[in-house]
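Q: Dropping a structure here in structure tokens format, bear with me for questions.
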Amino acid sequence: MLHTVLRRRANGESVEQIQPDLFIPTGKCKGHNPSVASVYRALAEHAKREAYPEAVEQAHADFAASRTATVPEPRPATTDRTSL
């Protein structure tokens with residue numbers, strides 16, 4: 001679904017024009033159209049993954065480590081949160 005949206009958006013179509021042609025392939029709502037909000041959420045998630053690839057890699061590494069018997073060490077804090 002995301003590939004279709006990205007391809008058609010690159011051709012100048014709006015999400016509202018693309019949404020009726022999409023369908024949900026699996027799950028409880030199989031065969032129905034996703035909402036426009038769901039399409040925008042998928043686009044936002046994709047943009048976040050593209051903007052922060054190192055965070056995605058770290059999440060994959062953390063997940064792989066959690067599947068083993070060892071527990072990963074905590075990552076060092078990047079900001080001082082005492083002023084919040």
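The values are calculated or read from the model by the stated rules, or taken from the named source; none is laboratory data. What you are looking at is a predicted structure, and each value in this text was computed from that prediction instead of being measured. Neighbour counts are summed over all protein chains in view; Cβ atoms, including those assigned to glycine, are modelled from backbone coordinates with ideal geometry. For accessibility, only protein heavy atoms count, side chains too; no ligands or nucleic acids. Shrake-Rupley method; radii C 1.70, N 1.55, O 1.52, S 1.80 Å.
Q: Quickly run through the stretch 13-55 and pick out the residues that are hydroxyl-bearing (S, T, Y) and either in contact (Cβ under 8 Å) with a residue 12 or more places away in the chain or touching a His at 6+ places or on another chain (Cβ under 7 Å) (or both).
A: Once the filter is applied, which keeps residues that are hydroxyl-bearing (S, T, Y) and either in contact (Cβ under 8 Å) with a residue 12 or more places away in the chain or touching a His at 6+ places or on another chain (Cβ under 7 Å) (or both), the stretch 13-55 yields S35, Y40.
Q: Is the stretch 37-50 home to any residue that is open to solvent by 60 Å² or more (accessible area, probe 1.4 Å) and over 11 Å from the mean Cα position of the chain (by Cα)?
A: No; the residues of the stretch 37-50 include none that is open to solvent by 60 Å² or more (accessible area, probe 1.4 Å) and over 11 Å from the mean Cα position of the chain (by Cα).
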